[in-house]
Amino acid sequence: MFKKVSAILLIVFLFSCSEEKPISNEPINVTAEDLHTSIDKVVEIMIHDIFSPPVASRIFAYPNIAAYEIIAQVNPEYNSLAGQVNELTPIPALDSLQNVNPNLAALIAHMDISKQLIFSEDKFNVLQDSLFTKWETTNKVEFEASKAYGEKVAKHIKGMDG
């Protein structure tokens, strides 16, 4: 009888100690290192997938244009490339009322396009999923708004928005 009670108490104790990390509402800080990590992963996958130099240059160009266009909306020192790059039209306007973090949206757009231009998407998903989990835990509202906007811009850059 003592063993059964001890086992039940042990189980209750173990489950009571495992506490989920609460979701916070602190701003999400996207650093240059986050972008570098994403680009390094894409380069690693491009080497694995054996892309030719012209294809590799496209894999770099399109995601960087998407990220740049988002940042250009909030930095007056940057000019949009719309009208300067063939067939590039202005991206959807950033709505400041929707809790969008432009740096986060830019990185998400960059990752979304990069992932679709490589063959080994599953290798990239590991990095993307870990970052998404981290950001969603940090600030779910900001993450969801930024993700939606980043994906909207990515869709526009890929020419699938209309």
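Filter segment 40-90 down to the residues that are among the β-branched types (V, I, T) and either under 19 Å from S114 (Cα atoms) or not in a loop (DSSP other than H, G, I, E, B) (or both) and list them by number. Answer for segment 40-90, where residues must be among the β-branched types (V, I, T) and either under 19 Å from S114 (Cα atoms) or not in a loop (DSSP other than H, G, I, E, B) (or both): V42, V43, I45, I47, I50, V55, I59, I65, I70, I71, V74, V85.
The single condition among (1) among the polar types (S, T, N, Q); (2) in a loop (DSSP other than H, G, I, E, B); (3) under 11 Å from the mean Cα position of the chain (by Cα) that S114 does not meet is (2). Of all residues in segment 128-151, exactly one satisfies the criterion of being in contact with a Ser or Thr (Cβ under 7 Å, 6 or more places away or on another chain) and part of a helix (DSSP H, G or I), namely T138. Residue-level check: of (1) hydrophobic (A, V, I, L, M, F, W, C); (2) in contact (Cβ under 8 Å) with a residue 12 or more places away in the chain; (3) over 14 Å from E44 (Cβ atoms), L97 misses just (2). Just to be sure before I move on: is I108 of a type in the set (A, V, I, L, M, F, W, C), buried (at least 21 other Cβ atoms within 10 Å of the Cβ) and in a loop (DSSP other than H, G, I, E, B) in the structure I sent? So I108 does not fit the description; no.
Kindly check whether there is at least one residue in segment 101-118 that is in contact with a Leu (Cβ under 8 Å, 6 or more places away or on another chain) and without any contact (Cβ under 8 Å) to a residue 60 or more places away in the chain. Yes - at least one qualifying residue is present in segment 101-118. When W135 is tested against (1) surrounded by fewer than 19 Cβ atoms within 10 Å (Cβ to Cβ); (2) among the aromatic types (F, W, Y); (3) in contact (Cβ under 8 Å) with a residue 60 or more places away in the chain, only condition (1) is not met.
Since every read-out is calculated from the coordinates, none of them should be taken as a lab result. In this text the structure is predicted, and so the values were computed from the model without any measurement. Cβ sites come from the backbone with ideal geometry, for glycine too, and all protein chains shown count toward neighbours.
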